[in-house]
Amino acid sequence: MKAVDLGSLRGLLLKCEKPSRYTGGEYGAPDPGWGAGGFNFCACFPDVYEVGMSNLGIKIVAQSFEERGMCADFCFAPARDFGQGLKELGVPLYSLELKAPLNEFDMLGFSLQYELSYTNVLYMLELAGIPLTRKEREGGRYPVIAAGGPCAVNPEPLADFIDVFFIGDGESVDADVAEIYKRHGGATEEFYREISGLDGVYVPAFTDFEYDKEGGVKGMSGITRIKKALVSDLDGAIFPERFAVPNCESVHDRAVTEVMRGCYRGCRFCQAGFIYRPVRKRSVQTITRQACALISQTGYGEVSLNSLSTGDYGRLGELLHSLKANLPSEVTLALPSLRADSFEEGFAQDARKTSLTFAPEAGTQRLRNVINKDITEEEILRAAERAFDAGYSAVKLYFMLGLPTETEDDLAGICDICGKIRAIYSGKKRKKALRISVSVATFVPKPFTPFQWEPQADEETVKSRQDYLIKHLPRGVRLSWSAYFPSLLEAVFARGDRRLGRVLESAYKNGCTFDGWDNLFNEEGWRRAFDDCGISPHLYVRGRRTDEILPWDHIDVLVDKKFLAAERERAYAGKVTGSCAEGCKGCGMQRACPAAKGEL
């Protein structure tokens, strides 16, 4: 391996924005050791350094290789100025610490956190001098191009470009694949055949699709069932107890621990709540040890207790007490995933007092019942009052527009909640003025949810509902909303099939990169790509029949499709299923789920 010489990039580094993104040498970064263990892996995050360095998942994946003595490095999507500079200089995209060209690794593993990052996968491959498609790479000496993360549960829109998808908990299966690669002496046909038999591994070359005249999936052939990988013991799972401290401030600039994985709640719009089932928890002792190790190693002044719903951790009070007793007194705790009905004043006293975030999602109890958000207005208001009494003076509220069965009454409910929160705050003398922020996102129907068959609301409908809130929210409430076309695009690629590969490549060639960034989004380039490929985005955001073959039906996340359909019927009946913690709901994971066995 011949490392890229940073000296040759001096001129580019001096004129680009934030050169510290590209130099490596972070405090606490281990030496990856090129060639260690006979396998070289690079975790690739298709967004800028500050976003990627905040991601816990890629750190866990890299740790799985390091624990087997293998080389593991990182690479992030360079901003456009630096990427263009690399092209002009003829320098390939390289890894962070080793400065090794990406095309010399044995495997590149892309983390798919968001559908609008897909063009950046192609961007990084091209900068690395690697052909974009599987077909173009056949017979060449290129790395295995792998991908995992939450978006991988519908791998088909990227199937033309990715050799291997990791589905589910990737803590060990990715390193298992590396061992098989070594045994076969490379990415041979026999290698791909063997790894396709592992839980959590999907090789798209072994699955074919047939489409009907209406544009739906007519059938599949080849390997048609891929079962997700599942880590049953989170307490004993791989977790890095040392992080590299970023050279510049990252999006989440703090130490991060994972309290639990999965969620009991079953909100019908929430993909994460279904694909990360069942709930698995780390012990108080393990979390405390990991948090103390990270603070000692990094010098951070804050620890974030991460999960989908940290308030559902049954021993949260004990955990907070343990952390306070063992961490330096100046270290603060962040609880970013508290639901309103799990918010306690004692938790607020232990967390740093910036703004508090609640996600009612819908403005009325009727619509919250539809989406199985079993939280009442009284609980929201009570949580807000406790927060105000604990010293908070800013509240952020998240809602969705375009949910199934939504009416104008539900929009009026959003305005009513804001008014009632303001009345609670002004009911007592406070030191600061109250700040209320309302953010409304366009609902995106996602695979493996009870709403996976729903249509997405059209642009006219969404705009009219945004206009209603602009006119009717109480004065002084700050409103923000998402642009429609990026949400449409998110829905298209969330529920798309393999034919979208042509659109994706065309959009990339039209200059579309960093699509998740409002100031960089190229709507005209995307519209031209769909037109040039003769594919309508509306094909993918239409309503689906429950007996229709879905492009992701070959992926088994262990949740029964019949259960999802039954939950959809309950939604339209306005019935709340409630939390798994209150009793097993029979989603299909009973044999693997601790809650179903009474282990809460």
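Worth a mention:
- Å² per residue, accessible surface of the chain at 1.4 Å: 40 Å²
- Separation in nanometres of the label points that stand 7 Å from Cα toward Cβ, at Lys431 and Asp208: 7.1 nm
- FRET efficiency for Thr23 and Ala573, using Cβ-Cβ distance with R0 set to 41 Å, rounded to 0.05: 0.10
- In this simple spin-label approximation, Asp553 and Arg141 carry label points 7 Å from Cα along the Cα→Cβ vector, and these lie 4.4 nm apart.
- Contact order, relative form, for the chain: 14 percent (alpha carbon pairs under 8 Å, 6 or more residues apart, mean separation divided by residue count).
- Here the spin labels are modelled as points 7 Å beyond Cα on the Cα-Cβ line, and at Glu241 and Ala423 they lie 5.3 nm apart.
- Spin-label proximity, Arg80 to segment 1-40 - amide N less than 14 Å from point 7 Å beyond Cα toward beta carbon: 17
- Selection from Val438, Pro450, Ser464 lying farthest towards where the dipole of segment 408-539 points positive, charges on Cβ: Val438
- Using the Cβ-Cβ distance between Lys324 and Trp517 with R0 set to 41 Å, the FRET efficiency works out to roughly 0.60.
- Size of electric dipole in the chain: Cβ of Lys, Arg +1 and of Asp, Glu -1, about Cα centre, debye, nearest 20: 1480 debye
- Cα shape, segment 383-529, gyration tensor, a/c 1.5 rule: prolate
- Length added when fully stretched, Leu56-Asp467, from 0.36 nm per residue minus Cα-Cα: 144.2 nm
- The chain - share of DSSP beta bridges that are antiparallel (%, nearest 5): 20 percent
- Accessible surface of segment 445-551, 1.4 Å probe, proportion on carbon and sulfur as whole %: 48 percent
- Rounded if a/c under 1.5, otherwise prolate or oblate - segment 4-76, Cα gyration tensor axes: oblate
- Residue-span extension gain [Asp233 to Glu194] - 0.36 nm each, minus C-alpha spacing: 11.5 nm
- Gyration tensor (alpha-carbon) shape descriptor, segment 396-443, a/c threshold 1.5: oblate
- Straight-line cross-link reach from Lys18 at under 21 Å between alpha-carbon atoms covers these lysines, not counting any fewer than eight positions away in the same chain: Lys87, Lys99.
- Computed [θ] at 222 nm, helices only, for the chain once each DSSP H run of length n ≥ 4 contributes -39500 (n - 2.57): -9500 deg cm²/dmol
- Once the Cα-Cα distance is subtracted from the 0.36 nm per residue extended length, the Thr407 to Thr357 segment shows a gain of 15.5 nm.
- Zone residues, segment 188-213, relative to Glu67, backbone N less than 16 Å from point 7 Å out along Cα-to-Cβ: none
- With 18 Å as the limit on Cα-Cα distance, the pairs of Lys227/Lys561; Lys213/Lys509; Lys446/Lys509 that go past it are Lys213/Lys509; Lys446/Lys509.
- Peptides ranked, highest mean first, by Cβ atoms within 10 Å: ranges 3-15, 372-384: 372-384, 3-15
- Residues listed by number, segment 472-497, amide nitrogen under 20 Å from Thr224 label point at 7 Å toward C-beta: 496-497
The values are calculated or read from the model by the stated rules, or taken from the named source; none is laboratory data. Treat the numbers as computed from the prediction; the structure is a model and nothing was measured. Positions of Cβ are generated from backbone atoms using ideal geometry, with glycine treated the same way; all protein chains shown enter the neighbour counts. Just the protein is used for accessible areas: all its heavy atoms, side chains included, with ligands, DNA and RNA removed. Shrake-Rupley method; radii C 1.70, N 1.55, O 1.52, S 1.80 Å.
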